[in-house]
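Input: a single structure, listed below in structure tokens.
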Amino acid sequence: MQEIFLNASRGFEYWGAVVFCAFIMILVTARMIGLSPHDLPSYIGTDTYSRMVRVRDLWAGGSWFNPVYDQVIPHGLLSHWTRPLDVLISVCALPFMLVMRQETALFWGGYVVAPGLGIVTAGLLAAALRRVLTPLQTAMTIVSLICVTPLLATFLPGRPDHYAALIPVLALIVWGLVLMATSPYGRHGATLVGIALPLAVWVNISGVLAALLFPVALGVRWLVAGGAWSQLNQRVAAVASATCLVILFVERPPLDTVSVVEFDRVSVWHLCVFLAIVLFWTGIRTVEQRWPAIDRGAVSRLVPAIPLALVGVGALLVAFPQVLAPDHGIAIDPLYVGVRLLRIEEYYPLIDAADFESAWTVLSAVATQTGYLLPLIISVVGMLILLVRGGPERRWVWGSLLVVAVTMLLVTWPPVAAWMPMILFFLLPGQGLIAAMAVSACPRARLLVRMPLRVALASAVLVGPFVVQAITHTADKEKNPNVLTHCSVDDLTRWLGATLPPAPPLNIMALADMGAALMYWTPHRVYAIPNHRLQPGFATRLEVISAPTDDDALARATDAQVDILVICDVAIDTDVRDPTLPRPPFKTRLLQGDEPDWLTPLPTPDSVSDAVRVFRVHRAQDGES
């Protein structure tokens with residue numbers, strides 16, 4: 001009875017931390033809903049609306065396989081996004097459907113899916129780390145999940161993002177690693193890792209890095225320790241291959257499962273990689289059984305490993321040579337690349353070569369991006385401490401997580417916000433350790449001294465970076481204006497949805513940043529959305545706003561069948577192929593109030609920024625120009 005009570009009291013710390021995280025996420029969700037001036041609050045970012053259009057189209061009878069954005073003209077857009085998040089949003093929407101209409105329920109399902117996944121992630125961390133950390137360290141790691149800026153941002157309400165679905169899958173990988181390191185649960189851990197690796201690729205293509213790096217880390221473990229690790233690695237690869245095959249049949253039409261190769265969406269390429277790993281470990285197992293002496297040391301294990309690895313890699317390159325092509329042969333729109341780097345904050349470099357000119361510039365860069373870089377530094381220090389303190393098996397867990405995170409950081413250098421949630425998640429136990437050390441500091445000091453000191457230290461570790469980031473980020477926002485805010489995209493698109501007649505469908509030419517919200521809030525069509533796959537609308541819009549004369553602009557707008565033209569006075573709206581060119585001439589004249597007679601200005605409400613102008617286009621074939 002005493003043992004049961006003791007275990008329950010220990011579990012209270014980390015399960016209590018899960019409950020605390022759930023409470024905070026619910027509180028944040030309620031707060032953001034309360035602050036919204038609209039009946040339906042806004043989503044965060046641009047991709048969120050694109051994903052919600054997918055869900056809405058699916059419930060309206062759209063194709064499960066190969067869903068196309070029909071509202072993107074002229075030919076629609078087949079995105080690289082996959083179905084898991086759509087299913088999760090739909091599941092979250094089901095309770096709302098009991099009390100409201102379907103479209104509104106889907107909206108709320110998308111609004112709450114990210115904080116819901118954050119709560120799930122906290123629970124998975126508790127289940128995984130309680131075996132290798134103390135209850136206090138586990139609890140502080142879970143609390144760090146809502147204190148580290150990039151991770152908190154991932155789970156904010158109103159952000160139905162694929163990263164919110166990826167992080168819980170990464171937690172499954174961590175749990176599997178812990179089980180593999182704590183015998184007798186090795187086989188269970190191998191199964192869990194094998195399931196999670198292709199899941200990571202499926203829910204978010206960014207997870208492909210984890211799916212490739214962790215098999216390497218497990219291979220290094222076999223190289224150092226030998227023994228049963230070859231069998232565990234074989235099990236991981238076999239389960240991953242089987243899971244990936246099931247995923248392909250769920251995600252793709254049957255023929256596409258074996259015939260269509262895509263690198264930015266789970267495909268037969270990823271299945272073949274997992275199968276190659278299975279064959280590698282099958283070969284290793286065969287050699288070990290036939291020549292047991294191979295298992296005597298790391299050098300002897302390299303003898304079969306090197307040729308088998310070379311043959312496997314060579315076979316994959318012969319079968320899929322496009323993997324070595326620029327962007328892996330993916331037809332990435334060249335204009336989108338520039339748009340992303342200019343206008344999407346997640347791709348602004350947090351620190352680059354210029355910041356390493358002196359110690360002062362390094363400190364200045366860290367201060368500007370404290371919410372990202374300081375948790376990175378703290379977490380790495382904590383992971384190094386865990387490496388020193390832990391036993392052999394635990395050191396392997398921490399070492400694997402640290403090496404994978406550092407490798408991701410180097411591969412994606414310079415660091416950008418888009419990759420930081422995944423990197424910082426693998427380092428989160430280090431953050432939890434430092435926070436736990438702060439909470440338990442000065443055990444011999446008097447209570448009146450000890451408690452305030454512990455609160456101050458823990459606050460500095462957990463929320464200090466967030467506070468400094470909030471203070472210093474103002475200047476960064478002025479340097480890189482947010483198009484969504486500057487152009488009042490949310491209010492603008494809602495107003496257009498309420499003002500324009502729903503039929504016939506109109507063609508709205510606007511910044512690609514506005515495209516996704518326009519697709520969501522209106523039934524009309526757009527020329528481009530923030531997506532890397534080829535969209536003629538990027539170039540078409542530039543041709544119209546860059547026309548040298550009004551007649552040229554009319555001819556190009558007529559060819560493109562533009563019905564509504566939206567422009568916004570934002571400096572970074574230039575031809576990204578050559579930023580040295582002057583501002584688009586036709587757009588400049590419109591902003592100065594010099595519009596031709598074939599454009600009719602539409603008065604916008606006060607909630608829309610003065611930087612925005614909206615015009616009804618009277619095309620040449622309409623007989624009105």
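Points to keep in mind about this one:
- Exposure rule at most 10 other beta-carbon atoms within 10 Å, DSSP loop trypsin sites (Lys or Arg not before Pro): the chain longest free segment: 102-443
- Within the chain, percent of DSSP bridges classed antiparallel, to nearest 5: 70 percent
- Stokes-Einstein translational diffusion, the chain - Kirkwood Rh over all Cα pairs, 1.002 mPa s, 20 °C, in µm²/s: 80 µm²/s
- Taking each residue as 0.36 nm, the span from Gln561 to Leu602 lengthens on full extension beyond its C-alpha to C-alpha distance by 12.9 nm.
- Taking only the Cα atoms of the stretch 408-567, the ratio Rg/Rh comes out at 1.23, with Rh defined as the Kirkwood radius.
- Nearest-ten-degree value, helix 392-411 long axis tilted from longest Cα axis of the chain: 30 degrees
- Equivalent-ellipsoid semi-axes of the stretch 380-470, from the Cα gyration tensor, Å, largest first: 28, 19, 7
- Each label was represented as a point 7 Å from its Cα along the Cα-to-Cβ direction; for Ala298 and Ile572 these points are 4.5 nm apart.
- When you restrict to C-alpha pairs under 8 Å that are six or more residues apart and normalise by the size of the stretch 184-317, the relative contact order lands at 26 percent.
- Rule-of-thumb Rg ratio for the stretch 177-273 [Cα; 2.2 N^0.38 Å; N residues]: 1.12
- Added length on full extension, which subtracts the Cα-Cα distance from 0.36 nm per residue, Val19 to Leu310: 99.9 nm
- As a size descriptor, the averaged projected area of the C-alpha convex hull of the stretch 489-617 was calculated at 7.6 nm².
- FRET E, pair Val258, Gln322, Förster distance 22 Å, beta-carbon r, rounded to 0.05: 0.85
- Dipole of the stretch 489-617, positive direction: furthest Cα of Val526, Thr499, Ile545, with charges on the beta-carbon: Val526
- Relative contact order, percent, the chain [alpha-carbon distance under 8 Å, six or more residues apart]: 14 percent
- Cysteines, the chain, no other Cys beta-carbon under 4.7 Å: Cys21, Cys92, Cys147, Cys244, Cys272, Cys442
- Heavy-atom accessible surface of the stretch 184-317, averaged per residue, reaches 43 Å², computed with a 1.4 Å probe.
- Here the extension length gained between Leu40 and Thr282 equals 81.6 nm, from 0.36 nm per residue of separation less the Cα-Cα distance.
- Residues listed by number, the stretch 120-159, amide nitrogen under 18 Å from Ile377 label point at 7 Å toward C-beta: 148-150
- The distance from the alpha carbon centre of the stretch 391-417 to that of the stretch 195-226 is 12 Å, rounded to a whole number.
- Asn66-Thr549 FRET efficiency (beta carbon distance; Förster radius 51 Å; 0.05 resolution): 0.75
The values are calculated or read from the model by the stated rules, or taken from the named source; none is laboratory data. Bear in mind the structure is a predicted one, so any value in this text is a computation, not a measurement. Quick reminder, even Gly has a Cβ in these numbers, built from the backbone with ideal geometry, and neighbours come from all protein chains shown. For the accessible areas, the whole protein counts, side chains as well, though only heavy atoms, and no ligand, DNA or RNA atoms are used. Shrake-Rupley method; radii C 1.70, N 1.55, O 1.52, S 1.80 Å.
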